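Reading through the structure tokens given below for one structure.
The values are calculated or read from the model by the stated rules, or taken from the named source; none is laboratory data. Quick caveat, the model's predicted, so the values are computed rather than measured. Reconstructed Cβ throughout: ideal geometry from the backbone, glycine too, with neighbour counts over all protein chains shown. These area figures cover heavy atoms from the full protein model, side chains too; ligands, DNA and RNA do not enter into them. Shrake-Rupley method; radii C 1.70, N 1.55, O 1.52, S 1.80 Å.
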Amino acid sequence: MKRLGLLVLLCASPLFCQSNSGELRIKVIDPSGLGVKTTIQIASEANQYHNALATSDQGSLDVQRLPYGIYQLEVRQPGFAAVSASVEIRSSIPIEYTIRLALPSVRQTVNVSAANTLIDPDQAGSVNQVGSNFIQDRLGSIPGRSLQDLVNSQPGWLYEGNAVLHPRGSEYQTQFVIDGIPLTDNRSPSFGPEIEADDVKSMTIYTAGIPAEYGRKMGGVVELNTIQDSQTGFRGQAVFSGGSFDSAGAFAQGQYSWGANTFGVSASGDGTAHYLNPVVTQNYTNRGTVGDFSVNYQRDFTPNDRLTMSVRHELSRYELPNEDIQESAGQLQTADNFETMGIIGYDHTFSSHMVADFRAMVRDSANDFYSNPDSTPILITQHNWFREAYFRASTTIDHGRHEIKAGVESDNIFLNENFHYVIPNIQTQLAYFDSSTPLTFSFMANRPDLEQAAFVQDLVRIGDWTINAGVRWDHYQLILNRQAVQPRLAISRYFPDAGIVVHFSYDRVFQTPSFENILLSSSTAAAGLDTISLQLPVQPSEGNYYEAGLAKVFLNKLRIDANYFRRMVNNYADDDQIENTTISYPIAFEKAIIYGAEGKLTLVNWRRFSGFASYSYEVGNAWFPVTGGLFLGDDAILPTSGHLPDSQDQRNTVRGRLRYQVTPRLWIAGGIQYDTGLPFDFQCPSASGSQTPQQALQQCIAGQAQIYGSDVVDRLNFDLGRILPSFQVSASGGMDLYKSERINVRFQADGENLTNVVEVIDFGGLFSGNAIGPSRSYALRLTTSF
């Protein structure tokens, strides 16, 4: 046989959603002690946080979801002297802070500890923060991947086809924590509905030093905050976008706060003719649409009790890109994803030293795949769906130098799979498959995925030392029944005279397999498709992550981060994809070793310039044998020893963007992206007859050029088994068309891949299909905030 490889949400718990975030309750008073209605500027360069928030008529302001760090507060109120103060957020327990305004006769600014907020001296490990300004000024994205593009801009992350994120070489091990609710299924455009970037206010990204409260998917953890701070009255935003590939979209959200209540609603819809990564440069059959709608409600019963609820529905519908031969045959394959989610949460503050948090979530998610009668060489239909019930309870205790957090969680996912294929006729069977391959096959199954966990962690600060130590227990029961204990440790030391933070972290990880199509790939029915089929269950991954690094600030304007990491994982998770479809099956290599280094320069407001540049170096190898997947016939005869480069083994990756503020209302920016190319494992036939190996290789290359085009094949180095490097340039410009105290209208234009390089992301091999990046394109965005 030649080949047959067969939300999101608005959180219920805004106070304690994120692992390392807190709440600041500010009171602004005049010299007599009366509250003052005013605007407070709040900034933290390390967290990329900049916001201007208004107090109530009584001078009160409650700022939630602030990542740990140092924040600068500034008040400039007519009739009073300006005030500048710094506040440290070090606990998830709310902090009360009073700002007393002085009369202008003082003739000076009250400056309390004007801290350097570009570095956090108490950060125990390396954490990447993405703030609202970076999100607002981001490059335009193809619908379905705006959030993935933001994550991919950070060091240590890279794409494979269809915007599947890979943190430090991990496959399908990215966990999105949306306002405190972990989503461990694949959120790329071909597997799940989009998380719209305009819906996100800030992001915190971990690839090491991961808190013990997170588990199961541990390649990288992305915390997302989607709820804006409550401001009395009605506030909102409307975004209209468009660009190349017939792309167009709209997003709108509104939030109304009155008394102790906050009600919010959001909706979006986008369409494009370039939804997935095509397999040839012609971009055949690649239309897609996405949309979502959500409502959320929050009620503060008392200063110590908060209830929140939300409901969200999301969908995506799209076509699967064709090859030339499939396009000529009239093939049309389509797929869709639907998701509905409901959340409820309750927070209670027992005292100034103890809080508790309870959350529950239910969701229903479905994925469908269809083939028309002209599909070749096989007609596939699939209907997979699952229902999930999640519950979590945790408590945080602040005791002197310690912040202790402990909790339990239960996640119950009820999987349902329905798969069917038809090979049109015997001629197609003999041309593409073994003669013993059945012309039709059907599979239906359902099974619960039951997972439980408990954790405890302690954040300790002793002088210039910060320690985050914890332990987590996980239990996994699906095809296999496994459990594991995982210690975690992150430690840092701040050297004030040098302005350097040095850090080290160790993470023991237990990673559950991807559940997409795991019932079929582990079934005896799949083994019956071929007598030599390899059919083994996928084991959970277990491994050790190490990282050491430092952060230093120069002149309060330039920050340098540098890290070295090493990951050693047994039962290393990967996937086996059906050629160029969106259907894949989980697999696991015996082990993998991945190591590398990362660096990032961050420039903050230096002579109107700001920006960043990052570099990642990565080497990864995975060892045979392989378990799981759906390897049939000849594909089941895999090596039992040896190793090969990890499919995300891209040695050098560079990202950069520099912005210049031309005038207070006009800015321009330029960016670069350089990738040295991923490995590919395409097996050319051996030499026959009088052919030399080189002649056989050239014949094979010529054959691939006929199938995929010379512009694609010319981007491949068959001798090294690697895709050739690519260098892309982008340019942007933005302007405030209208700006007042309540309304701001902004316009942005982006040009991407201005070098117009043919970006071959993946080329078909044993475990993946083809993926070609977008050609030169433009994007326009009009944003109105009020």
proj_area_mean for the range 421-566 (convex hull on C-alpha atoms), units nm², value 14.6
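Can you compute the charge dipole magnitude of the range 68-215 about its Cα centre, using +1 on each Lys and Arg Cβ and -1 on each Asp and Glu Cβ, nothing else charged? Give it in debye, rounded to the nearest 20. Display every interim value, and only then the final one.
Numbers: 9 positive and 16 negative charges, 120 e Å.
Roughly 580 debye, rounded to the nearest 20.
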Reachable lysines from Lys552, criterion Cα separation under 22 angstrom, eight or more residues apart if same chain: Lys600
Mind scanning Lys201/Lys739; Lys27/Lys739; Lys201/Lys557 and naming the pairs with a C-alpha gap bigger than 26 Å? Lys27/Lys739
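If you place +1 on the Cβ of every Lys and Arg, -1 on the Cβ of every Asp and Glu, and leave all else neutral, what size is the dipole of the range 247-381 about its Cα centre, to the nearest 20 Debye?
Details: 7 positive and 16 negative charges, 107 e Å.
Value, rounded to 20: 520 debye.
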Give me the one-decimal nm value for the distance between modelled label points at Thr640 and Trp606, 7 Å along each residue's Cα-to-Cβ direction. 5.9
Label zone at Phe495 (point 7 Å along Cα-to-Cβ), backbone N below 18 Å, the range 551-571: 551-556, 559-564
If only Cα atoms are counted, what is the Rg of the chain, and what is its Dmax, in Å? 26.7, 100
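Please state the charge dipole magnitude for the chain, taken about the Cα centre, from unit charges on C-beta atoms (+1 on K and R, -1 on D and E), reported in debye and rounded to the nearest 20.
Values: 57 positive and 81 negative charges, 537 e Å.
Dipole of the chain, to the nearest 20 debye: 2580 debye.
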Ignoring ligands, DNA and RNA, what percent of the accessible area of the range 640-686 is carbon or sulfur (1.4 Å)? 61
Out of Phe609, Ala82, Ile142 - ranked by how far each Cα lies towards the positive end of the dipole of the chain, with unit charges on the beta-carbon of charged residues - the top one is Ala82
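Can you give the FRET efficiency for Ala82 and Phe718, using 1/(1 + (r/R0)^6), R0 = 56 Å, r = Cβ-Cβ distance, to the nearest 0.05? Mind showing how you got there, number by number?
Numbers: r = 66 Å, r/R0 = 1.18.
Calculated transfer efficiency: 0.25.
Could you give the accessible area per residue of the chain, probe 1.4 Å, as a whole number in Å²?
Using a 1.4 Å probe on heavy atoms only, each residue of the chain averages 38 Å².
Over the range 257-393, what is the mean sequence separation of C-alpha contacts under 8 Å (at least six apart), divided by residue count, expressed as relative contact order in percent?
Numbers: 330 pairs, mean separation 25.6, N = 137.
Relative CO of the range 257-393 lands at 19 percent.
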At a Förster radius of 60 Å, what calculated FRET efficiency corresponds to the Cβ-Cβ distance of Ala102 and Leu782, to the nearest 0.05? 0.90
Say each of Leu558 and Leu53 gets a label point 7 Å from the Cα, pointing the same way as Cα to Cβ; how far apart are those two points in nm? 3.4
Can you give the extra length, in nm with one decimal, that the chain gains between Arg482 and Asp374 once fully stretched, where that is 0.36 nm per residue apart less the Cα-Cα distance? 34.5 nm
Run the reach check for Lys217 against lysines, Cα to Cα strictly under 20 Å, same-chain hits fewer than 8 apart removed. What comes back? Lys591
Gain in length, Ala548 to Ser740, computed as 0.36 nm per residue apart minus the alpha-carbon separation, to one decimal in nm? 64.5 nm
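In terms of the Cα gyration tensor, with a ≥ b ≥ c the square roots of its eigenvalues, is the range 495-576 rounded because a/c is under 1.5, prolate because a/b exceeds b/c, or oblate? Can you show the working numbers first?
Values: a/c = 5.27, a/b = 3.83, b/c = 1.38.
It is prolate, given that a/c is not under 1.5 and a/b is the larger ratio.
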How much length would be gained if the chain were fully extended between Ala445 and His353, taking 0.36 nm per residue of separation minus their Cα-Cα distance, in nm to one decimal? 28.2 nm
